1. With a 1.4 Å probe and all protein chains left in place, how much accessible area per residue does segment 606-719 have, in Å²?
2. Roll a 1.4 Å probe over the protein heavy atoms and report the accessible area of Thr12 in Å², nearest 10.
3. So if I place +1 on the C-beta of Lys and Arg and -1 on the C-beta of Asp and Glu, and nothing else carries charge, what would the dipole magnitude of segment 606-719 be about its Cα centre? I want it in debye, nearest 20.
4. Considering the Cα trace of segment 484-544, what is its radius of gyration and what is Dmax, both in angstroms?
5. How much accessible area per residue does segment 17-160 have, counting only protein heavy atoms and a probe of 1.4 Å, in square angstrom?
6. Sum -39500 (n - 2.57) across every DSSP H segment of at least 4 residues in the chain, then divide by the residue count to get the 222 nm mean residue ellipticity, nearest 500.
7. What percentage of the solvent-accessible surface of the chain, computed with a 1.4 Å probe over protein heavy atoms, is contributed by carbon and sulfur atoms?
8. Tell me the angle of helix 298-308 to the major Cα principal axis of the chain, expressed in degrees between 0 and 90 and rounded to the nearest ten.
Amino acid sequence: MMDFEKLISQMTFEEKVGQLAQYNANVCMSIDGEITGPATQLGLKKEDVCKVGSVLNFSCVEDMQNIQKTHLENDRNKIPMVFMMDVIHGFRTIFPIPLGLACSFDTELAAECSKMAALEASANGVNVTFAPMVDYARDARWGRVMETCGEEPLLSSRIGAACVKAFQGDDMKNPDNIGACVKHFAGYGGAEAGRDYNTVDLAERTLREFYFPAYKACIDAGAKLLMPSFNSLNGIPSVANKWLMNKVLREEWGYDGVVISDYNALGELITHGVAKNGEEAAKRAFDCGCDIEMCSSAYYHNLKKLVDDGVFNEKDIDAAVLRVLKFKEALGLFDDPYRGASRARADAVTLTKEHREIARKAAARSAVLLKNENVLPFSTDVKSIALIGPFADEHKILGMWKCNGRVEESVTVYEGAKAVLPNTKITVVKGCGNEFNDLDRSGFDEAVKAAKNADVVVLCLGEPMDYSGEGNCRTDIRLPGVQEELAAAVAAVNPNTAALIFNGRPLVLNEIAKTVPAILEMWFPGTEGGSAACDLLFGKANPEGKLTMSFPKATGQCPIYYNHTNTGRPKPVAKDEERLYYNSNYIDCGNLPLYSFGHGLSYSNFVYEDMAIDKAEMTKNSEINVKITLYNDSDKEGRETVQLYMRDMVASVVRPVQQLIDFKKVALAPHERKTVEFTVKEEMLRFWNFENELVSESGEFRLSTGYADHLVHPKMFTLK
Ligand code: BGC
């Protein structure tokens with residue numbers, strides 16, 4: 001352990017403030033040259049640029065090396081900079097968007113992908129990733145649902161924790177590992193009307209029950225960095241929200257890591273109207289334990305004055321600097337400021353064959369077979385295939401936050417098909433575009449002709465990459481343009497038609513579901529997307545993904561989520577399409593989603609034969625053993641996510657009608673029968689009561705399996 005107290009005591013105030021600043025690489029590159037635009041806009045003086053402690057968004061390992069070298073030559077304290085980047089679903093080898101990967105319900109796979117990302121990123125000079133993003137999301141209009149795990153807190157918690165452990169490893173000093181930054185704390189996904197950055201008003205109970213668990217799980221898994229969210233939460237933007245940052249995060253959860261603001265979030269305190277100027281913004285954020293300010297300069301210009309005026313004590317500044325220095329030390333930067341990154345190492349580990357294989361497996365396991373009327377898998381003996389639609393030979397399938405991923409390195413569906421079936425005739429017809437204003441139907445005739453002449457048809461549909469992601473929200477989440485019409489025209493002439501959907505959010509697929517007999521949700525699958533799609537289409541892989549966000553029947557159903565409460569006038573599931581008077585329903589649409597949470601078909605036929613519990617009563621100190629019997633009634637081996645749901649029948653506050661309390665992935669050989677066991681403990685029955693205490697209440701509970709809105713084998717028990 002270095003003697004940081006001594007080091008800090010020797011630092012000037014400006015040097016300390018430098019450790020609390022993060023800027024884009026182009027700012028820091030102006031150290032040795034003329035001070036240019038970006039640094040000038042922030043009002044930085046040339047002599048202070050070399051004091052900046054951390055960098056984001058550099059472009060390559062040589063940039064990192066140059067910036068670090070120049071910095072160390074100019075910084076008399078020789079404190080290395082830390083280099084951060086948004087490595088969200090891969091560095092150069094891109095795996096599926098997080099929402100897709102979550103559908104695998106496979107924490108080992110999430111860890112494997114994160115390790116791969118860490119290896120590539122670290123070799124290329126990245127020390128820390130701004131991931132995992134574990135915002136809880138219920139509204140598919142919001143563009144950033146693509147970065148989330150969806151509408152289930154337990155799943156987000158398990159995947160988030162697995163990613164943190166995989167990024168950081170046992171020892172962050174190991175140069176193959178990187179630091180993890182959990183974000184965006186808190187409630188960012190609760191943006192009103194699904195519009196990014198919008199106001200978030202959520203009851204404390206709702207926050208604690210649904211929104212908080214995944215952040216907490218990541219912290220418990222050892223995340224050393226945390227980013228507050230942009231949004232105002234119950235009236236105060238997160239970075240200035242004392243209740244959130246001081247009471248919940250630091251006091252209750254005991255978080256002692258570093259807090260970094262989101263991009264210009266301190267500047268935005270002024271725009272939000274909760275700070276008059278930079279001084280007030282700096283005061284509010286620093287008061288809430290924000291250590292590093294990203295891409296604005298409120299600290300740089302105001303912390304000195306705030307200390308001189310006695311608002312803060314210099315010791316408070318020292319404490320923040322100490323947290324940053326300890327973080328840098330934990331990353332091994334004081335031992336090797338370059339952490340072994342070099343062009344040679346980068347080239348050796350980036351986009352390797354092995355990494356492409358991982359990305360291919362991940363894309364196949366993330367896909368969700370939504371519908372299949374005996375169409376898939378297609379035989380590999382087919383003589384001719386027609387690939388129809390805007391994604392038939394499209395490289396832009398990486399998804400947003402593709403980091404250093406290059407679209408030209410991705411495998412399109414067409415390229416995937418050629419590789420899987422080299423001797424088959426493949427016809428590609430685009431048919432139409434995929435944007436809102438692509439209303440041209442002149443390609444339909446050629447598409448229909450190709451469909452008529454092919455043994456099988458694959459419709460390749462979806463929304464463009466930049467229709468989801470940060471700032472990319474939609475008020476109508478159907479397939480853009482005339483893709484629904486194209487699908488109907490094509491499917492009408494060839495019954496052997498399956499649709500692949502490429503997208504960054506749940507879409508309204510009613511029309512496609514009416515006309516096309518098989519639908520395979522691919523998400524944005526990443527570098528090996530086309531290969532994975534063809535593995536699935538032609539039975540080399542067996543679909544195993546399950547939805548982690550509901551697919552609504554109409555955009556107007558949003559937000560729609562499986563773990564909702566009952567209301568006083570619940571609509572019976574059997575009458576979902578009927579108009580009921582004075583009922584909690586719509587007059588023009590059912591309440592149920594088109595495809596529910598947990599839904600996903602397989603080429604195997606999994607039969608949930610039975611669920612048994614070993615007792616009908618439990619106490620706070622005893623447990624219930626649950627045994628679910630699953631049979632693979634098919635000739636295909638496959639993997640299934642067995643889901644255990646609970647409902648608290650009567651409680652002091654309204655409870656969800658169904659709540660996932662555990663899940664397990666199992667592999668079954670053809671005609672194999674397996675018993676999957678779960679243990680129900682009292683802690684799984686707890687909830688946040690009206691007084692915001694975490695309690696369990698005695699009474700009746702129901703357990704069931706299956707998937708949301710389609711639960712089977714209910715069993716009741718009592719908690720004494
Ligand atoms: C996003 C963050 C991201 C940051 C740095 C912001 O706009 O909200 O998720 O980590 O930029 O790129």
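The values are calculated or read from the model by the stated rules, or taken from the named source; none is laboratory data. Predicted, not measured: the structure shown is a model, and the values here were computed from it. Here the Cβ is made from the backbone with ideal geometry for all residues, glycine too, and neighbour counts use every protein chain on show. Ligands, DNA and RNA are excluded from the accessible area calculation, which covers all protein heavy atoms including side chains. Shrake-Rupley method; radii C 1.70, N 1.55, O 1.52, S 1.80 Å.
1. On the way: 5190 Å² over 114 residues.
Accessible surface, normalised per residue, equals 46 Å².
2. Accessible area, nearest 10 Å²: 50 Å².
3. Details: 15 positive and 20 negative charges, 23 e Å.
In debye, rounded to 20, segment 606-719 gives about 120.
4. In Å, with Rg to one decimal and Dmax whole: 12.1, 32.
5. Numbers: 3540 Å² over 144 residues.
Solvent-accessible surface per residue comes out at 25 Å².
6. On the way: 21 runs with 198 residues, N = 720.
Computed ellipticity for the chain at 222 nm equals -8000 deg cm²/dmol.
7. Values: 12810 of 26530 Å².
Of all accessible area on the chain, carbon and sulfur atoms account for 48 percent.
8. 40
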